[in-house]
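Worksheet: one structure, shown below.
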Amino acid sequence: MRLIFYFSFVFLLQNISFAQNNAKIEALLAKMTLDEKIGQLNQVPGDISTGTDVKVDNILVQIREGKIGSLLSHTNFDNKIIMQQVAVKETRLGIPLIFGFDVIHGYKTIFPIPLAQAASWNLKLIENIEQVSAMEAAADGQNWTFSPMVDVTRDPRWGRAMEGAGEDPYLGSLIAAARVRGTQGRSLSDPTTLAACVKHYAGYGFIEAGRDYNTVDMSEQRLREIVLPPFKAAAKADAATFMNAFNTLNGTPASMNKHLITDILRGEWNWKGMIVSDWNSFGETIVHGAAADDEDASAKCLNAGSDMDMAGGTFQRGLKKALENGKVTQAQIDEAVRRVLRLKFELGLFDDPYKYLNKERHKTNIEKKEYRTLARTAVAESMVLLKNNNDVLPIKPTTTKKKILIVGPYADSRGNKDYMSFWTLGLGMRDYDSTKVVTPAQGLKPALEAMGYEVKVAQLGKNGTYDVFAQKDAYEASAGVDLIIACVGEQGMNCGESRSVADIHLPGNQEEMLKTLKTRNVPVVMVLFNSRPLVFNWASENIDAIVVAWQPGFETGNGLADLLTGKTNFTGRLPITFPRNLGQVPLYYNHLSTGRPQTKFGTLWTSGYLDSETTPAYPFGFGLSYSPVDYSEIRAERSTIGNDETFVANITVTNNGKMAVDEIVQCYIRDLSADIARPVKELKSFLRVHLEPGDSKPLQFNISPEDRSYWNQDLKFKCDPGQMTLFIGSSSEKVKKMEFNVVK
Ligand code: NOJ
């Protein structure tokens, strides 16, 4: 009762403040000239560039003239104060600026990349990371982050796979909402939170051939079922803003795609926020060949429902002409300006334009010790154990001074944003302080020495060029050791936007290095630093233990040491499929059956390859731990239910190992007789269960009518009677299953 009262009260306050803001917005709008309005829709880059060349002459003069409503990618704190002073004190109406920034996996304290965070399947952890990231960025004068990136993708070639939550729309939706919650907190006007920007709307993860900015073409059914759910979840979580995608979707550039913006986002979902273009994506409609010039591009983007122009200056050059020539109306421009002003009001910038430029918070809220602690936990929860032959891991204490070698291009690397990504802009572009990263060697060496080992470190190769080190170096370094930890993978700077690859094998001659090390006939542990699924079949067959470490950020070495020494158990699970061959891409767990599914390699007349298995190297949801967990058979009181009823299933999980573990129990369904063909498995739910050694816990999963619904032939979202399969297990492949019937 009290809670209901509390929420009603909060709701009432929100409504009052919404109405008050509306009145203020209208009063302001009535005073604004057309040029001032167009100025509010213009966002320009600050002191770092995150895209194609854009020349901005004398920003202060432009701010003074009311031509700039927002800046992005500005790092310098004191300059932001100066700019805000000019906007507030030296322009006719004193409208404050809003500062946007890409805070992707931390601002000053760098966390694991978003794809790695997704591997934790830990929503609370992800929310906390966003909260800390927002706190640091807000303390540095940022108001708005271009995050979360919620693009579902099935393509490891795409450099931006690292920014998302992987291939599954359900997991992706939960993570999208958690990120919005973490970023925005309870109130946008809280100066320790940021406004979120959900991107890239929409379809960007499905670019052809994984080549950045390329074409996207897909059925409405796939769009609604796979691509849109995380966007919808973020909109529902009240994300303040959205960003257009660069790509065309079914021929129409996303920035001028009325179906996406006006029909679905603002129409069906009734979302009220502001939409910013991507970097010059209004202007790029001309390059796509979908608009004739700035005037045409401006008209088409505004007509579709987009509001603010990032970096391109297209609105500055073309919107006035579009109005004069009757291609847009004054009311449409006013509506876009209203949305921008509303955001500024909601952030509290009109009450206090320097709210986020507080010198005290700037000193105290950045790089706190507890942020590091959270980062270390995040590293340990995001790494995934793929193989562990003969229990090589965890490494056990020794009394005989055994020797361990930590070796490879990522053993103790400095530079190239190794263990991080291009998207660590809060650190600066290239001149960041690399000593803030705890490298694998720095974390592992003391931890292993404390367990009685003699530890040797051999950092091979420089500046990410793997071919410069001779195999001889690896061979010599490994003489006389008892265990080898080989740190391989990708350069940090090679992860992120515009960093797609056409070959997803381990880069350079790293596999050769592994082969050389293996000739020593001692156990080899491979630790992979990667931003995407890579292909490493030789290692899968020959290396004793394999850890997917992703790009883990500042606490790399400490989190890794916690796991390899068994201080912490592995819980991470792959949020994206790892293929055996690039030729299998796109390869994803929730595919359709085809009329001729292949069950055995080499069977002609089935859907397969002559030269490769169709199955993945490692499937979605997969990850080992140090404690084997057993799953009972699935039990259900009723195996037949009505179409409007929920199916209830039970299973018991038991920890048969010697260490406590957090098991991620996954629940999938298959609709065997729907109106259209349905995926062979769809993730519908998962539970994270803590199990002490010997613990057995009963779990319940509920499959509601909504869980069983899909977009049918008439593009209606509904469920229907028929036979279904329920799967519960530790990955998308290792499952127990049970059939159930849905009747009218
Ligand atoms: C382009 C990227 O696609 C987008 O994700 C980012 O937020 C902007 N540049 C700003 O840096």
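The values are calculated or read from the model by the stated rules, or taken from the named source; none is laboratory data. Keep in mind it's a predicted model, so treat the numbers as computed, not measured. Methodologically, a virtual Cβ is constructed for each residue, glycine included, from the backbone with ideal geometry; neighbour enumeration extends over all protein chains shown. Just the protein is used for accessible areas: all its heavy atoms, side chains included, with ligands, DNA and RNA removed. Shrake-Rupley method; radii C 1.70, N 1.55, O 1.52, S 1.80 Å.
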Handout entry: Alpha-carbon centroids, region 559-603 and region 217-291: separation in whole Å
Key = 30 Å
Problem - Fraction of antiparallel bridges per DSSP, the chain only, in percent to nearest 5 - result: 50 percent
Handout entry: Relative contact order of the chain, defined on C-alpha pairs under 8 angstrom at six or more residues apart (%)
Key = 12 percent
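Which order do peptides 237-244, 544-551, 586-593, 50-57 fall in by mean Cβ count within 10 Å, highest first? Show your work: numbers first, answer last.
Working: 237-244: 23.9, 544-551: 25.8, 586-593: 18.5, 50-57: 12.4.
Top to bottom by mean Cβ count within 10 Å: 544-551, 237-244, 586-593, 50-57.
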Practice task
Report, to two decimal places, the Cα Rg of the chain normalised by 2.2 N^0.38 Å (N = number of residues).
Solution key: 0.98
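At 37 °C and a viscosity of 0.692 mPa s, what translational diffusion coefficient does Stokes-Einstein give for region 36-364, taking Rh as the Kirkwood radius over Cα pairs? Give it in µm²/s as a whole number.
Details: Rh = 19.5 Å.
Calculated translational D: 168 µm²/s.
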Exercise for the section: Keeping all protein chains in position, work out how much accessible area Glu324 exposes to a 1.4 Å probe, and write it in Å² to the nearest 10. Expected result: 130 Å²
Exercise for the section: Along each of the three principal axes of the Cα atoms of region 52-142, give the extent in whole Å, ordering the values from largest to smallest. Expected result: 49, 27, 19
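Rounding to the nearest 20 debye, state how big the charge dipole of region 36-364 is about its Cα centre with +1 on each Lys and Arg Cβ and -1 on each Asp and Glu Cβ.
Values: 37 positive and 41 negative charges, 129 e Å.
It works out to roughly 620 debye.
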Handout entry: Expected 222 nm ellipticity per residue - DSSP helices of 4 or more, -39500 (n - 2.57), all of the chain, to 500
Key = -8500 deg cm²/dmol
Exercise for the section: Could you tell me what percent of the DSSP beta bridges with both partners in region 384-571 are antiparallel, to the nearest 5? Expected result: 20 percent
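Of the cross-linked pairs Lys387/Lys417; Lys108/Lys359; Lys199/Lys355; Lys236/Lys681; Lys55/Lys355, which ones have a Cα-Cα span greater than 19 Å in the structure shown?
Details: Lys387/Lys417 27 Å; Lys108/Lys359 16 Å; Lys199/Lys355 26 Å; Lys236/Lys681 26 Å; Lys55/Lys355 29 Å.
From the list (Lys387/Lys417; Lys108/Lys359; Lys199/Lys355; Lys236/Lys681; Lys55/Lys355), the Cα-Cα distance tops 19 Å for Lys387/Lys417; Lys199/Lys355; Lys236/Lys681; Lys55/Lys355.
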Practice task
Evaluate the charge dipole of region 1-134 about its Cα centre and quote only its size in Debye, nearest 20, assuming +1 on the Cβ of each Lys and Arg and -1 on the Cβ of each Asp and Glu.
Solution key: 400 debye
Handout entry: Sulfur and carbon atoms: percent of accessible area, region 405-536 [1.4 Å]
Key = 49 percent
Problem - Carbon/sulfur fraction of accessible area - region 84-134, other protein chains in place, 1.4 Å, % - result: 44 percent
Problem - Portion, in percent, of the accessible area of region 629-743 that falls on carbon or sulfur, probe 1.4 Å - result: 46 percent
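With only alpha-carbon atoms in the gyration tensor, what are the semi-axes of the equivalent ellipsoid for region 526-645, in Å, largest first?
On the way: eigenvalues 192, 124, 37 Å².
Semi-axes, largest first: 31, 25, 14 Å.
Taking the Cα centre of region 384-571 as origin, sum charge times position over the Cβ atoms of Lys and Arg (+1) and Asp and Glu (-1), and report the length of that vector in debye to the nearest 20.
Working: 19 positive and 20 negative charges, 64 e Å.
Dipole about the Cα centre, nearest 20: 300 debye.
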Problem - Cα centroid separation - region 45-80 against region 138-187, whole Å - result: 25 Å
Problem - Area of Leu357 that stays accessible when all protein chains are in place (1.4 Å probe, Å², to 10) - result: 10 Å²
Exercise for the section: Using the charge dipole of region 72-187 (Lys, Arg: +1 at Cβ; Asp, Glu: -1 at Cβ; taken about the Cα centre), state which of Ser173, Ile82, Leu123 has its Cα farthest towards the positive end. Expected result: Ile82
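What's the long-distance tail for region 618-676, i.e. % of Cα pairs beyond 15 Å? Please list the in-between numbers first.
Numbers: 1134 of 1711 pairs.
Across region 618-676, Cα pairs with separations above 15 Å total 66 percent.
Give me the accessible area per residue for the chain, probe 1.4 Å, as a whole number in Å².
So the chain comes to 38 Å² accessible per residue, rounded to a whole number.
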Exercise for the section: State the answer as a single residue: which of Pro446, Pro409, Gln471 lies farthest towards the positive end of the charge dipole of region 384-571, with beta carbon charges of +1 for Lys and Arg and -1 for Asp and Glu, about the Cα centre. Expected result: Pro446
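Could you tell me what percent of the DSSP beta bridges with both partners in region 629-743 are antiparallel, to the nearest 5? Spell out each step's value before the answer.
On the way: 37 of 40 bridges.
Among the beta bridges of region 629-743, antiparallel pairing accounts for roughly 90 percent.
Net charge within 13 Å of Met738 by Cβ-Cβ distance, Lys/Arg positive one each and Asp/Glu negative one each, not counting Met738 itself?
+2
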Exercise for the section: Could you pull the Cα extents of region 606-725 along its three principal axes, largest to smallest, in whole Å? Expected result: 52, 45, 20
